[in-house]
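FYI, it's all coordinate maths here, none of it is from the lab. The model shown is predicted, which means the values in this text are computed figures rather than measured ones. Counting neighbours? That spans all protein chains shown, and the Cβs are built from the backbone with ideal geometry, glycine included.
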Amino acid sequence: MATITNKLGLPEVLVRALQRDPYSRGKSRYSVTQLIDSPQVRALSERYHEEISRDISDSVWLLLGKGVHHILEVGAADEGSPERTIEERIFVDVDGTTISGQMDVQEHPGNEVEIIDWKVTSVFRVINDSARKKWEEQLNLYRVIRHMDGRNGAVTKLTIVAFLRDWSKTKARQDPEYPQQPVVPIDIPLWPIGDALEYLRERVRLHVTADMRNDIGMDIDPCTDEERWKRGGVYEVIQEKKDGGEWMRKAMSDREEAERLAAEFRKTIKDSRRVWVREREAKPIRCLDGWCPVSEWCPQFQKERAAA
Ligand code: SF4
């Protein structure tokens with residue numbers, strides 16, 4: 001079991017709450033959430049599980065997420081609707097490997113089904129395309145395993161309901177492109193079922209291969225830039241605040257678009273010098289900023305550090 005530390009001396013009840021994790025992928029080898037993530041991160045996390053250490057102060061958002069899931073689960077179950085299934089885990093065999101996925105909610109009035117997933121997350125993830133892409137993969141894989149398991153009804157809608165833990169009313173007032181409420185329903189595109197099945201098989205193949213290489217002591221295929229949260233250079237439109245601080249109004253991948261937006265913002269203020277575009281170099285944030293639990297054992301990252 002990973003070691004849990006409490007460097008800030010937070011109340012013991014917090015430590016115990018975070019240690020008591022009811023999550024289980026049951027008898028499956030991989031869960032859908034593991035499959036859509038990096039095979040290297042998962043395989044190394046299993047290999048170094050006993051040595052990984054996590055401080056309780058880094059896990060408070062996890063606790064908030066668990067709380068929201070629990071309240072919604074209890075609330076929906078109390079209602080006892082026959083047209084709603086809560087927190088169901090489905091198991092299927094994919095080319096000889098058992099995988100599973102747990103859906104927060106399946107609404108199934110009549111013959112049509114909507115899959116809903118709750119996310120306690122940041123505003124950045126809601127406005128960032130690559131974060132949304134992960135949600136698209138996750139929900140489309142739920143849909144395909146439901147289909148493979150021969151469940152009744154056709155899934156016609158996929159929805160993420162995002163609870164924004166860092167939402168600001170002030171920013172919402174100032175920026176029409178900022179989420180206008182602290183809870184946002186997001187429609188997720190449905191993939192053709194054949195494409196979703198192909199994607200599922202490919203993810204299983206990548207994870208099985210990573211385990212085979214791990215078992216015989218070979219390096220695992222490296223993480224992709226996306227898996228390392230290393231995104232193309234970003235152009236941030238910055239506005240200086242009255243107190244001299246900075247307000248990042250928008251981050252965009254296209255410089256021209258960022259310059260165009262900055263010009264729009266300049267028209268709305270007296271001193272146009274207070275808005276500018278800043279280029280941010282792409283960095284593997286997950287590896288560098290402590291978001292990857294296995295960075296100290298990762299050959300890919302350690303080789304890069306040694307070469308730097
Ligand atoms: S440290 Fe970076 S490259 Fe290595 S496993 Fe973690 S995310 Fe992947």
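Computed from backbone phi, the HN-Hα couplings of region 185-191 come to x, 10, 6, 9, x, 8, 8 Hz, rounded to whole numbers (Karplus: 6.51 cos²θ - 1.76 cosθ + 1.60, θ = phi - 60°; Gly and Pro given as x).
For the chain, the mean residue ellipticity at 222 nm estimated from helices alone is -12000 deg cm²/dmol, where every DSSP H run of n ≥ 4 contributes -39500 (n - 2.57) and the total is divided by all residues, rounded to the nearest 500. The modelled label-to-label distance between S130 and W297, using points 7 Å beyond Cα along the C-beta direction, is 2.5 nm. Which whole-number percent is the relative contact order of the chain (Cα, under 8 Å, 6+ apart)? Here the relative contact order equals 16 percent. Taking amide H as placed 1.01 Å from N in the peptide plane, V113 has its amide H under 5 Å from the amide H of A154, V155, T156, K157, each at least 5 places away in sequence or on another chain. Each DSSP beta bridge with both residues in region 100-206 is either parallel or antiparallel, and the antiparallel ones are about 45%. Rounded, prolate or oblate: which fits region 22-167, taking a ≥ b ≥ c as square roots of the Cα gyration tensor eigenvalues, rounded meaning a/c under 1.5, else prolate when a/b beats b/c? Oblate is the answer for region 22-167, as a/c is 1.5 or above yet b/c matches or exceeds a/b. Taking amide H as placed 1.01 Å from N in the peptide plane, the amide H of T98 sits under 5 Å from that of R29, each at least 5 places away or on another chain. I'd like the trypsin sites (Lys or Arg not before Pro) in region 265-308 restricted to DSSP loop residues with at most 14 other Cβ atoms within 10 Å, sorted by number. Here the sparse-neighbourhood loop sites are K270. Each Cα pair under 8 Å and six or more residues apart adds its separation to the average, and for region 1-144 the resulting relative contact order is 26 percent. For region 1-159, lysine pairs with C-alpha atoms less than 20 angstrom apart, excluding pairs fewer than eight positions apart on the same chain, total 7. Here the relative contact order of region 151-308, from alpha carbon pairs under 8 Å that lie six or more residues apart, stands at 17 percent. Strictly greater than 35 Å: what percent of every Cα pair in the chain meets that? In whole percent, the share of Cα-Cα pairs in the chain beyond 35 Å is 30. Counted as membrane-span-like here are DSSP H helices of the chain whose alpha-carbon atoms extend 20 Å or more along the helix's own axis and whose Kyte-Doolittle mean is -1.0 or above; these are 60-79, 193-215.
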